[in-house]
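First up is the structure itself, then whatever we jot down about it.
The values are calculated or read from the model by the stated rules, or taken from the named source; none is laboratory data. Quantities reported herein were computed from a predicted structural model and do not represent experimental measurements. With ideal geometry, Cβ positions are generated from the backbone for all residues, glycine too; neighbour counts draw on all protein chains shown. Accessible surface is based on the protein model in full, side chains and every heavy atom, while ligands, DNA and RNA are left aside. Shrake-Rupley method; radii C 1.70, N 1.55, O 1.52, S 1.80 Å.
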Amino acid sequence: MPIVLERYRTGQVDLVRGLQPVDEQALKSSGDNVLPAQGVDLTTNMAAVRIGSGKLTDAKVRQALQAGIDRQSIKDTVLSESYVVADSVLNHAAPGFIDLSADLAYEPEKSKSLLDEAGWVVGADGVREKDGKKLEVTVTSSNNSVVIKPAFELIEQQWREIGVKLINRASDNTFLATAMIDPNIEFFGTRQFAYGGLGPVFGPENNTQTLNADTELNALFAKERAATSEAEHNELIAEEQRQLVSEKALALVLWDEVQVYGGNSDAHVEFTSGTAPIFQGAWKTGK
């Protein structure tokens with residue numbers, strides 16, 4: 001990325017993808033453009049929960065982790081104004097989106113109470129324990145996002161306050177190669193294309209996200225795929241969002257998917273709803 005950005009700054013390229021938040025203001029100040037391409041066709045960026053290790057089997061633990069994330073702090077500290085804090089597993093502009101922001105408030109005291117109820121007791125080192133196990137969990141992700149690793153570094157700090165230790169393997173593609181299909185790795189940092197609904201993403205046939213075996217959810221996804229009217233489809237998608245985010249907390253959502261590009265002031269380009277630049281219609285102002 002630094003080499004590409006340097007080529008952009010010297011005029012060798014007109015558009016750079018994956019702009020670091022720290023570089024956005026510098027580009028704006030130089031008269032160039034910061035171009036956030038919104039991923040309307042994608043889910044939000046999230047930590048998809050796997051329960052294979054047994055530590056996150058109890059929904060109260062997952063709900064505690066959901067409430068233990070200060071999303072506004074992540075935006076203020078790690079992200080930029082190009083990013084929108086998630087209010088569901090679908091982004092705000094996606095068909096069928098419902099606002100679950102009330103269920104995503106940062107409430108660390110609620111998190112502690114839920115973990116207490118689930119039987120996880122704070123140990124001498126501040127990390128909770130139960131049945132001889134530490135509440136240590138691991139996240140894996142690709143390095144496709146320039147902000148995913150620092151975001152989980154901040155979540156790591158936030159969760160330590162409620163007695164949870166997060167092992168941050170985000171952006172480690174070598175680790176990801178085997179961990180992505182390992183149900184014992186508790187979190188998969190991801191965002192996925194969700195054309196037309198959530199069933200094709202989370203359904204059991206091709207689910208690489210939560211790796212869930214939740215029969216209630218899978219029945220819901222099957223109904224969504226079989227829906228014959230828009231009204232029925234939207235009703236099912238709304239319920240899926242409530243289940244994934246609030247009731248079962250299998251999707252710890254973070255921010256709406258966006259790819260931030262830097263563009264020279266004389267370059268003009270639009271983007272698909274999947275964040276890709278449309279070069280066929282791109283043009284430059286003559287100088």
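At a glance:
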quantity: Rounded to whole Hz, the Karplus (6.51, -1.76, 1.60) HN-Hα couplings of region 38-49, x for glycine and proline; calculated: 6, x, 4, 8, 10, 5, 5, 5, 8, 9, 6, 8
quantity: Among [x] 17.5; [y] 18.8; [z] 16.6, the entry derived from the coordinates for mean projected area of the Cα convex hull in nm²; calculated: [z]
quantity: Dipole in debye (nearest 20) - the chain, about Cα centre, beta carbon charges: Lys, Arg +1; Asp, Glu -1; calculated: 720 debye
quantity: Within the accessible area of region 36-161 (1.4 Å probe), percent carbon and sulfur; calculated: 48 percent
quantity: Residues of type lysines that Lys284 reaches as a straight line, Cα spacing below 22 Å, ignoring anything fewer than 8 places off in the same chain; calculated: Lys28
quantity: Extended-chain gain in nm, criterion 0.36 nm per residue less alpha-carbon gap, Arg242 and Ser273; calculated: 8.8 nm
quantity: Expected 222 nm ellipticity per residue - DSSP helices of 4 or more, -39500 (n - 2.57), all of the chain, to 500; calculated: -9000 deg cm²/dmol
quantity: Among 117-126, 266-275, 178-187, the order from most to least packed when residues are scored by Cβ within 10 Å on average; calculated: 178-187, 266-275, 117-126
quantity: Which of Gln157, Leu135, Gly274, positive extreme of dipole for region 131-287 (C-beta unit charges); calculated: Gln157
quantity: Coil-residue GluC sites (Glu not before Pro) of region 187-255, DSSP, other Cβ within 10 Å capped at 14; calculated: Glu205
quantity: Sites Glu81 and Ala26 - FRET efficiency at Förster radius 22 Å, r taken between beta-carbons, to 0.05; calculated: 0.95
quantity: Charged-residue dipole, Cβ positions (Lys, Arg, Asp, Glu), region 70-223 about Cα centre, Debye nearest 20; calculated: 280 debye
quantity: Surface share of carbon and sulfur [accessible, 1.4 angstrom probe, percent] for region 190-287; calculated: 52 percent
quantity: Per-residue ³J(HN,Hα) for region 28-36, Karplus 6.51 cos²θ - 1.76 cosθ + 1.60, θ = phi - 60°, Hz, x for Gly and Pro; calculated: 4, 5, 7, x, 8, 10, 9, 10, x
quantity: Size of electric dipole in region 39-104: Cβ of Lys, Arg +1 and of Asp, Glu -1, about Cα centre, debye, nearest 20; calculated: 380 debye
quantity: Region 129-150-region 210-247 distance, computed between alpha-carbon centres (Å); calculated: 26 Å
